[in-house]
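A.B. asks: Attaching a single structure in structure tokens format; questions to follow.
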Protein chains: 2
Amino acid sequence: MKTTTEAGREAGDAALGTRERIVRAASRLMQRQGYEGTGIKQISREAGATLGSVYHFFPGGKQELATEAIRHGDQEFTDILREALDGADDPAEAIAACARTVAEALRASDWIDGCPVTATSIGTAESAPDLQRAAAEAFARWRGLVEDELRASGFAEESARELAHTVISTLEGAELAAQLARDEAPLLIAGRHLARLIDSYR
Amino acid sequence: MKTTTEAGREAGDAALGTRERIVRAASRLMQRQGYEGTGIKQISREAGATLGSVYHFFPGGKQELATEAIRHGDQEFTDILREALDGADDPAEAIAACARTVAEALRASDWIDGCPVTATSIGTAESAPDLQRAAAEAFARWRGLVEDELRASGFAEESARELAHTVISTLEGAELAAQLARDEAPLLIAGRHLARLIDSYR
């Protein structure tokens, strides 16, 4: 027999489960089809949730949901980046490893699943400024992780800040190029070049 | 009095004028709103052309028009790149200058007009493979320009090919980052880093 607290927690967990399923469905669909190409009905179908429950969790509708989808994508790449940075002795090697991980994931998706943050936010500068802000925060957070790691490895403050900019810009652009070319080469080359650039500041 | 040939040519010029206006309107709108966010009616309004004339020139509808819009964006950046490469004595300096030009144009548009090729093609991998191919061709063409310039400046074949990959990937990613941050910094830093990377192969 369940106590009131247990029953309340189970109901809460179930609610959290639905919300999370909706965010993941939105993130995956917008990663493939962009913000404008994805409808809220399709998200609710893909999440196995009613339209009513989508609006219950996201009263702001598609734009609020897209902002959460971008945060979800932000967290996914934060995890990839952190794992790469923690898994290598050296930040240059870590960035090259991160480029390889992104390339593998892209190939595994048959070149369909690029960066969800970029795919969701691009083309919305005028129509959905919230998405721009969420995407800008994601880029800034990723740069922050790289900058901190470089500084911890002894790089000068300005070099670390500037290198972090180029690491994130280059990984992002190389992911786009690899997706279009249906080929890992742009990412693998970018990883080696970024390692070389980082090494040149030692 | 006009000869038949002159009249024919004038009619041809007028027709070309309308077609070109339609392509430019499509390119500009898709640059700002993406492929899915842009409707063919909006393109016809923006171009000052009837819907009938849009379908006359582009019987394949929006996807055919978007392919032409990508080719238009391809040509625009080809011109910027070629001007930068022709205008500097040195390819490293030329790439840094190109990054500055892109940054200035982005600021002048109040951070709205990013890369039209990326904005039009992203999120269409499943729905419009023609756009992916046109965008892939644009990236390959830009890389080819950089690669040729590096080889003409004495870089080894493989270095030139690989550097060209990273130059285009990095400029593309830095443009996205600059647009999101509403700040030239990612592009200016990328330009300096690319010049440094190129110099490291001499």
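A.B. asks: Apply the a/c threshold of 1.5 to the C-alpha gyration tensor of the protein assembly as shown and tell me whether it is rounded, prolate or oblate.
C.D. replies: Values: a/c = 2.29, a/b = 1.12, b/c = 2.04.
Oblate, because a/c is 1.5 or more while a/b does not exceed b/c.
A.B. asks: If you take the square roots of the eigenvalues of the alpha-carbon gyration tensor of region B:4-200 and sort them as a ≥ b ≥ c, do you get rounded (a/c under 1.5), prolate (a/b over b/c) or oblate?
C.D. replies: Since a/c reaches 1.5 and a/b is larger than b/c, the shape of region B:4-200 is classed as prolate.
A.B. asks: Give the interface area between chains A and B as buried accessible surface, both sides summed, probe 1.4 Å, in Å² to the nearest 100.
C.D. replies: 3600
A.B. asks: Right, here's the next one. Between copies, how far apart are the A:R21 label points? List them in nm, one decimal, shortest first, with each point 7 Å from Cα toward Cβ, please?
C.D. replies: Relative to the other copies, A:R21 has label-point distances of 5.2 nm.
A.B. asks: Just to confirm my numbers, what's the Cα centroid distance between region B:172-202 and region A:151-195 in Å?
C.D. replies: Here the answer is 11 Å between Cα centres.
A.B. asks: Here is a follow-up. Can you tell me, using C-alpha contacts under 8 Å and at least 6 residues apart, the relative contact order of region A:95-202 as a whole percent? Before the final figure, lay out the partial values.
C.D. replies: Numbers: 97 pairs, mean separation 45.0, N = 108.
It rounds to 42 percent for region A:95-202.
A.B. asks: Further question: Select from chain B the helices, each a whole stretch of DSSP H, whose alpha-carbon atoms run 30 Å or more along the helix axis and whose Kyte-Doolittle mean is at least 0.0; answer none if there are none.
C.D. replies: Going by DSSP H runs, the hits are B:157-181.
A.B. asks: Which distances, shortest first and in nm, link B:S109 to the matching position in the other copies, using label points set 7 Å out along Cα to C-beta?
C.D. replies: Those separations, rounded to one decimal, come out as 2.4 nm.
A.B. asks: What is the spin-label model distance, in nm, from A:D113 to B:A105 if the labels are put 7 Å beyond Cα along the C-beta direction?
C.D. replies: Using points 7 Å along Cα→Cβ, the separation is 3.4 nm.
A.B. asks: Any idea what the B:Q42 label distances to the other copies are, label 7 Å down the Cα→Cβ vector, nm, shortest first?
C.D. replies: So the label point of B:Q42 gives 1.6 nm to the other copies.
A.B. asks: For region B:4-200, what does the accessible surface come to per residue with a 1.4 Å probe? Please give it in Å².
C.D. replies: About 42 Å² of surface per residue is accessible.
A.B. asks: So what's the net charge close to A:D113: Lys and Arg +1, Asp and Glu -1, counting the other residues with Cβ under 15 Å from its Cβ?
C.D. replies: Working: positive: A:R24, A:R28, A:R32, A:R107, A:R182; negative: A:E46, A:E76, A:E104, A:D110, A:E172, A:E175, A:E184, B:E126.
Summing Lys/Arg as +1 and Asp/Glu as -1 gives -3.
A.B. asks: What's the FRET efficiency of B:S200 with B:E46 using the Cβ-Cβ distance as r and R₀ = 56 Å, to the nearest 0.05?
C.D. replies: The computed FRET efficiency comes out at 0.75.
A.B. asks: What distance in nm lies between label points placed 7 Å from Cα along the C-beta direction at B:D148 and A:D79?
C.D. replies: Label-label distance for B:D148 and A:D79, simple model: 4.6 nm.
A.B. asks: Rounded, prolate or oblate: which fits region B:75-137, taking a ≥ b ≥ c as square roots of the Cα gyration tensor eigenvalues, rounded meaning a/c under 1.5, else prolate when a/b beats b/c?
C.D. replies: Oblate, since a/c reaches 1.5 and b/c is not below a/b.
A.B. asks: Of all the residues in chain B, which one has the C-beta that comes nearest the axis relating B to A, and what is the distance in Å?
C.D. replies: Residue with the nearest Cβ, plus whole-Å distance, for chain B: B:G173, 1.
The values are calculated or read from the model by the stated rules, or taken from the named source; none is laboratory data. All values reported here derive from a predicted model rather than from experimental measurement. Neighbour counts are summed over all protein chains in view; Cβ atoms, including those assigned to glycine, are modelled from backbone coordinates with ideal geometry. Just the protein is used for accessible areas: all its heavy atoms, side chains included, with ligands, DNA and RNA removed. Shrake-Rupley method; radii C 1.70, N 1.55, O 1.52, S 1.80 Å.
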